[in-house]
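The structure under discussion is supplied below as structure tokens; questions concerning it will follow.
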Amino acid sequence: MFTWSPSAEQQRQLAERLTTFLSPYGYLSDSYIIEFFSKDHWHSLPTRWQSVLQDLTSQQVADLLLDRGHGDRRYPSPWPLSLLAFRATAHALAFPRERRPQRGGGGGSLPADEFLDNQSQSSLLGHIFRKHVKPKKQHEIRKLGSLVKQLCDQTDCSTVVDVGSGQGHLTRFLSFGLGLSVTAIEADHALVATASKFDGQLLCALEKEGQKENCSSLVPVSHSPPRHVVGWVNPNASWEAFIEQLSAAQLVNESPPTPSGPSKKSPRGSEQVQPPGSHAVETSSRPGSTEPESTEPGSTEPESTEPGSTEPESTEPESTEPESTEPKSTEPESTEPESTEPESTEPGSTEPESTEPESTEPESTEPESTSRRQLTKNEPEEASPDFVLTGLHACGDLSATLLRHFVNCPHVRGITSVACCYMKTTTKENPDPPGLADRDADPSEFGYPMSSWVGGLPGHRLSYKAREGACHAVEDYARRLREGSEALRTHCYRAALETFIADARPDLRRAGIQTIKKAHLLPFTEYARLGLARVGLPPGLPLDPEQVEAMLKQQNRVVVYFSLALLLAPAVETLVLLDRMIYLRENGVDSQLVPLFDPNVSPRNFVLVALKPRLL
């Protein structure tokens with residue numbers, strides 16, 4: 001089931017190599033593509049790199065740079081050794097993003113098979129779990145739900161806590177589909193109300209399904225609804241406070257569930273009703289959800305403001321069942337000013353299947369965390385049941401917070417952590433990154449680095465922009481390069497527009513103008529007119545035609561430069577996740593990293609899995 005679990009020494013060595021590699025290329029990972037012209041990014045590259053890269057076609061950029069497994073690399077001219085080493089090292093140090101097939105057969109159904117009959121409905125997920133859920137989310141809840149169930153079996157736990165549960169798609173599958181006792185915690189009241197409404201609709205569907213003579217084999221194994229908790233998981237709070245949040249749901253007297261939830265024919269504006277047995281319990285007065293999900297249901301990162309960003313809605317086939325507009329809650333509501341990040345234009349790339357051998361790493365012999373051993377002795381086991389913790393694309397510091405609760409809380413036996421929004425993670429250099437509401441207090445612990453080892457390495461610092469780049473969809477961007485998508489022109493459009501904005505109003509640097517629909521089909525003058533108006537500048541601002549023409553001729557250079565920066569994104573993500581693995585190891589817990597989802601469908605596809613041995 002698990003694919004990567006190196007020894008403690010291997011983890012430390014890899015972290016050291018990553019920091020050594022990434023540090024000299026900070027000028028790439030920290031740069032914003034919209035400042036390509038205003039900061040003359042092209043000439044920051046070594047001269048020999050410029051000469052061999054500037055005439056590459058988009059297909060060659062995908063094959064020669066971004067594709068780690070491309071077997072027939074034909075270079076139009078000899079590349080300098082420094083560029084060859086850069087590409088090879090970036091690929092070698094990053095975790096493989098695609099899962100290796102199991103011996104004796106396939107490694108599980110890929111979405112191409114899963115959605116073969118209908119691109120909007122997974123053939124491996126019961127139809128009652130597909131309502132309101134787009135294909136990406138269907139793929140994720142099926143895969144992660146099965147993994148959580150395996151972890152529950154290994155830890156002898158039947159209780160799961162789903163943090164940042166949103167509209168409860170994963171929660172429903174765990175509860176109704178896999179028969180687990182689930183408590184879901186979510187900061188957004190509206191999302192919890194919607195989750196409860198969807199629970200009721202599922203109960204109605206169960207009643208109808210049960211009346212059929214030939215029930216589907218995909219009918220759920222349980223009719224027991226999950227418990228919903230409205231609450232914000234404060235990263236500065238103790239694990240005891242977290243347990244108190246969860247206990248609020250346990251204390252509610254549950255009535256026997258009956259399939260009398262609201263009808264799916266109810267009008268959209270009708271009151272949202274909780275089904276019997278499902279409780280939305282207020283545990284925090286903290287307003288807002290942590291991070292709204294993108295408008296695409298099941299998307300795991302917020303809309304990026306950089307070309308190459310993850311999963312735009314247009315890449316997802318429409319479901320033939322009612323759609324969800326699910327936002328994902330994981331941190332206080334974003335207050336990020338638009339001007340902090342540049343415009344999103346493109347998603348990202350494709351990588352080949354991993355050939356990494358299975359690890360033969362023995363069980364860790366490192367000592368158990370002192371705090372956990374002491375808490376276990378002092379806390380009566382019956383005070384709170386043991387449970388498995390899960391977070392599907394928990395944003396920013398929430399993933400780090402759940403790992404700390406896993407380490408310190410004696411009741412958490414296992415964890416599956418799927419992270420996203422690395423740029424919203426706190427660091428010593430930036431304890432209050434854009435996109436987070438004000439905290440109750442300055443953080444005593446940061447989201448990166450978590451481990452003492454990585455924190456002690458020279459060059460371990462990762463800027464906001466480097467971490468934001470690690471959220472890009474590399475596979476999708478490579479696909480667009482191979483297709484020669486005309487939308488790639490938007491990179492150059494936005495970078496050219498930034499030059500005129502910076503000349504007119506330097507204080508509006510990196511102003512977010514958001515996506516202009518079908519921008520690549522517009523003449524640049526029309527694109528500029530629309531963009532200037534969005535940042536408060538006169539739409540008729542004079543544009544030097546010769547300057548515009550000179551910049552637009554460099555479109556290929558813009559794409560190449562962005563691809564070089566994108567090549568570093570998997571290595572940055574690897575360092576962030578590796579730091580979390582080392583943190584767990586430092587606290588006496590082994591962990592494994594699984595590329596669980598197909599990265600072409602879900603770019604943040606890694607799940608960090610760990611369990612504690614049962615203490616005597």
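The values are calculated or read from the model by the stated rules, or taken from the named source; none is laboratory data. Treat the numbers as computed from the prediction; the structure is a model and nothing was measured. Note that we place each Cβ from the backbone using ideal geometry, even for glycine, and neighbour counts take in every protein chain shown. These accessible areas exclude ligands, DNA and RNA; they are computed on the full protein's heavy atoms, side chains included. Shrake-Rupley method; radii C 1.70, N 1.55, O 1.52, S 1.80 Å.
Past 28 Å, Cα to Cα, is the threshold; run K143/K424; K149/K197; K136/K424; K131/K424 against it and keep the listed order. Numbers along the way, then the final one.
Values: K143/K424 26 Å; K149/K197 25 Å; K136/K424 23 Å; K131/K424 31 Å.
As for pairs spanning more than 28 Å Cα to Cα, those are K131/K424.
While we're on this one: Given a 1.4 Å probe and the protein chains all in place, what does the accessible area of V576 round to, in Å² to the nearest 10?
Answer for V576: close to 10 Å² accessible.
Ranked highest first by the average count of other Cβ atoms within 10 Å around their residues, in what order do 603-613, 80-90 fall?
603-613, 80-90
Rounded if a/c is under 1.5, else prolate if a/b is larger than b/c, else oblate: which is region 558-616, with a ≥ b ≥ c the root eigenvalues of its Cα gyration tensor?
Oblate, because a/c is 1.5 or more while a/b does not exceed b/c.
While we're on this one: Can you send over the solvent-accessible area of D156, 1.4 Å probe, protein chains only, in Å² to the nearest 10?
Estimated to the nearest 10 Å², D156 gives 120 Å².
At 1.4 Å probe size, what's the solvent-accessible area of M551? Round to the nearest 10 Å².
Per-residue accessible area (M551): approximately 10 Å².
OK, next. Please give the FRET efficiency for D432 paired with D72, using the beta carbon to beta carbon distance and R0 = 56 Å, rounded to the nearest 0.05.
That gives a FRET efficiency of 0.70.
Next up: When a/c is below 1.5 the answer is rounded, else prolate if a/b is larger than b/c, else oblate, so apply that to region 1-75 with a ≥ b ≥ c taken from the square roots of the Cα gyration tensor eigenvalues.
Oblate, because a/c is 1.5 or more while a/b does not exceed b/c.
Ok, one more. Express the carbon and sulfur contribution to the solvent-accessible surface of region 143-189 as a percent, rounded to the nearest whole number, probe 1.4 angstrom.
Using a 1.4 Å probe with all protein chains present, region 143-189 comes out at 39 percent carbon and sulfur.
If you split all Cα-Cα distances of region 461-521 into 10 Å bins from zero, what percentages do you get per bin, shortest first?
Result, from short to long distances: 17, 37, 37, 8 percent.
Then there's this: Taking only protein heavy atoms into account and a 1.4 Å probe, give the accessible area per residue of region 536-616 in Å².
Numbers: 2630 Å² over 81 residues.
The answer is 32 Å² per residue.
Another question about this same structure. Counting only protein chains, not ligands or nucleic acids, how are K518, K424 ordered by accessible area (probe 1.4 Å), most first?
Heavy-atom accessible area, descending, gives K518, K424.
For the full complex of protein chains and a 1.4 angstrom probe, list S181, S399 by accessible area with the highest value first.
So the residues, ranked largest to smallest area, are S181, S399.
To the nearest Å, what is the center-to-center distance of region 63-92 and region 522-574, using C-alpha atoms only?
A separation of 26 Å, based on Cα centres.
Can you pull the percent of region 463-528's accessible area that's carbon plus sulfur, 1.4 Å probe, other chains left in place?
Solvent-exposed carbon and sulfur of region 463-528 make up 51 percent of the total.
At R0 = 45 Å, how high is the FRET efficiency between E486 and Q150 if r is their beta carbon distance? Nearest 0.05 is fine.
Efficiency, from the Cβ-Cβ distance: 0.50.
Ranked highest first by the average count of other Cβ atoms within 10 Å around their residues, in what order do 239-245, 62-68 fall? Present the calculation step by step, with values, prior to reporting the outcome.
On the way: 239-245: 18.4, 62-68: 22.9.
Averaged packing, sorted descending, gives the order 62-68, 239-245.
Would you mind checking K428/K465; K137/K518; K137/K517 for any pair whose Cα atoms are more than 22 angstrom apart?
The pairs that break the limit, which is 22 Å between Cα atoms, are K137/K518; K137/K517.
Using r as the Cβ-Cβ distance of Q547 and E240, and R0 as 51 Å, what FRET efficiency do you calculate, to the nearest 0.05? Mind showing how you got there, number by number?
Values: r = 61 Å, r/R0 = 1.21.
E(calc), rounded to 0.05, equals 0.25.
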